[in-house]
1. Does L126 satisfy the condition of being modelled with pLDDT of 80 or more, touching a Leu at 6+ places or on another chain (Cβ under 7 Å) and over 14 Å from L30 (Cα atoms)?
2. What do you reckon, is F362 crowded, with 22+ Cβ neighbours inside 10 Å, at pLDDT 80 or above, out of contact with any strand residue (DSSP E or B) (no Cβ under 9 Å at 6 or more places or on another chain) and not aliphatic (A, V, I, L, M)?
3. Looking at I8, is it under 20 Å from the mean Cα position of the chain (by Cα) and surrounded by fewer than 16 Cβ atoms within 10 Å (Cβ to Cβ)?
4. Hey, can you tell me all the residues within the range 297-325 that are in a loop (DSSP other than H, G, I, E, B) and either aliphatic (A, V, I, L, M) or in contact (Cβ under 8 Å) with a residue 40 or more places away in the chain (or both)?
5. Name the residue that is nearest to the chain's Cα centre (by Cα), counting only residues in the range 370-386 that are surrounded by fewer than 24 Cβ atoms within 10 Å (Cβ to Cβ) and part of a helix (DSSP H, G or I).
6. Let me spell it out: the conditions are (1) within 29 Å of L41 (Cα to Cα); (2) without any contact (Cβ under 8 Å) to a residue 12 or more places away in the chain, and Q422 meets all of them except one. Which number is the exception?
Amino acid sequence: MVSLLTYILVAVFGSSSWLSTNSVWMELSLMVANLPEGWTLPSYLSAVVQLACIGPLLYSIIHKCTNFDIPKAPVIQGLLVLCTGCSLAMAFLWDQTTIIFGAERSIALIIIMFFMALVNATSNVLFMPYMATFHPTYLTAYFVGMGLSSLIPSIFSLIQGTGTYECTNNTETGIIEPNYLSPKFTVQGYNIIMFAWLSLTVVSFAFLHWGRHLIQREKTSKSQTGNDTTSDSPADEFSPLNTQQSLSESEMNDRTSFTRYCILLGCLAFICAQMNGIVPNIQSYSTLPYSQLTYHLALALGNLAQAVACFIPLWIQPRSIPILTFLTIIASGFCGYIVLLAAQSPTPILLHSYWGNFLSVFASIMAASLHAYLRTVFTSVIREDNPDSESRLFWCGVFMQIGSFIGTTIMFPLVNVAQLFQSAPACSNY
C-alpha cells in the first residue's frame, strides 16, 4: 500500500538532486549580463559540473572496490546540509570576482558551483540506490522530485522576470542598445528562496529516514481504525518488492538479458549526454540571437516541461527496445536542431521571423521533455527488469554521469577553444 505522506517526502527529497545547479542555470540571463565571462559562462559552469564527477567516482571506487560499508543515510544527510549551505553562500557571493592570470574571473561562483555540483553528481550514484530500500513505486516519486528540481527554480525565475530588456535607440550614438529591466527581486533574493526550499529537503529526508517508525505507526493506526483486514505489513512500502507481472519464460529471459541491460544503459547515457552536456553548453547561442525573451522562455519552459514529463511514466511507460530507441532518435532530432541553430549564430534561420523564435523555444521544450521522460523510463525499466537489485540503480547513476561527462567533454573545447559558436550582440536583430 502506497503512503501519500511517504510519496510526498520522497518527491521533496528527490527535488534536492539537481535543484541547486538548476537554480544557477535559471539565473544565467542575469549573471551573463553582470559577470566577466559573458556568453561563455554556461560552458565554464558545465565544465565545473563535470569536474565534480570526482565525487561519484570516489564513491564508486569505495563502494565497489573496497569492503568499507558506506552508511548511505548519514552521508546523504550531510551532503544535503552542504548543498543547502552552498545555496546560502551563493546568495551573497555570486558576483564576487578575482583577477586570475590577468583576467577577471568569477571564482566565488565557480567554487560554490563546484560544491553544489559535487552533491548533485553524487546523488546519481548515492540517492537512487538508496531508493532501493523502498517499494519500486516510490522510484517514480523520486523522479517526480527530480522534475521538481527544475520546476521550482523555473517558477520563481518566471515570477522574478529574469533578465528582460527593451531595445531603445541611443539618441547620442544613434545605436539601438538594450535597456535591461529590473527584476522583481535580485539574484540574492532568488538564492535565499532556493536556500529555504533546500532546507525543506533536509528536513524531509530526516523525517523520511529516521522518522519511518512514525509513518508506519500512523499507517498502522489508520488501518486499525478502518478495520483494515489486508495482510500487508505497514513496512511493506519500504520493501523493494518484486512487482513483475506473470511473464512467460521467454519474456522473462528477454527482460533479464544482459544485452537488453547494456542497450538500456547505453541509451540512458546518450540521453544524459544531450540533456546535461550538449544543450546547456550551447542553448545561449541557439536562442539569444532571437531575443533575450526567447532565451529565458527556452530555459524556463524547458525546465517546466522536464517536471511535467516525469509524471507521464505513471501512465505511459513503454518497455520495448525498438520503441525506446525510436523515442531516443526523436529526442536526438530536437537536440540536433538546437545544435544547428547554435552553429548558425549570430544569424540562425528565420532570425527576423516569429517562427524562428517559436521553433527555437519549441525545440528546447521538446528536447527537455523527451530527455526527462526517457531518463525516467530507462531507469524505471532497468529497475523493473530486476527489482531486487540495488546494483542496477547504482549503475544507472554511473551511466547517467558518464553520459553527462562525455557530452560536456566534447562541447567545452568546441565552445571555448575552437570557438565554433559565435555570440550575437543584444538587439542585433532590430
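1. Values: modelled with pLDDT of 80 or more: yes; touching a Leu at 6+ places or on another chain (Cβ under 7 Å): no; over 14 Å from L30 (Cα atoms): yes.
No, not satisfied.
2. Details: crowded, with 22+ Cβ neighbours inside 10 Å: no; at pLDDT 80 or above: yes; out of contact with any strand residue (DSSP E or B) (no Cβ under 9 Å at 6 or more places or on another chain): yes; not aliphatic (A, V, I, L, M): yes.
No; evaluated as a whole, the condition is false for this residue.
3. On the way: under 20 Å from the mean Cα position of the chain (by Cα): yes; surrounded by fewer than 16 Cβ atoms within 10 Å (Cβ to Cβ): yes.
Here the answer is yes, as I8 does meet what is asked.
4. Kept after step one, since they are in a loop (DSSP other than H, G, I, E, B), are these residues of the range 297-325: 310-311, 315-320.
Of everything in the range 297-325, those that are in a loop (DSSP other than H, G, I, E, B) and either aliphatic (A, V, I, L, M) or in contact (Cβ under 8 Å) with a residue 40 or more places away in the chain (or both) turn out to be C310, F311, I316, Q317, P318, R319.
5. That would be S380.
6. With (1) within 29 Å of L41 (Cα to Cα); (2) without any contact (Cβ under 8 Å) to a residue 12 or more places away in the chain applied to Q422, the lone miss is (2).
Here's the yes/no breakdown for (1) out of contact with any Phe, Trp or Tyr (no Cβ under 9 Å at 6 or more places or on another chain); (2) in contact (Cβ under 8 Å) with a residue 12 or more places away in the chain; (3) in a helix (DSSP H, G or I); (4) crowded, with 24+ Cβ neighbours inside 10 Å:
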site: L126; (1), (2), (3), (4): no, yes, yes, no
site: M131; (1), (2), (3), (4): no, yes, yes, no
site: G145; (1), (2), (3), (4): no, yes, yes, yes
site: P153; (1), (2), (3), (4): no, yes, yes, yes
site: P178; (1), (2), (3), (4): no, yes, no, no
site: K184; (1), (2), (3), (4): yes, yes, no, no
site: I193; (1), (2), (3), (4): no, yes, yes, no
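The values are calculated or read from the model by the stated rules, or taken from the named source; none is laboratory data. Quick caveat: nothing in here was measured; it's all calculated off a predicted structure. Counting neighbours? That spans all protein chains shown, and the Cβs are built from the backbone with ideal geometry, glycine included.
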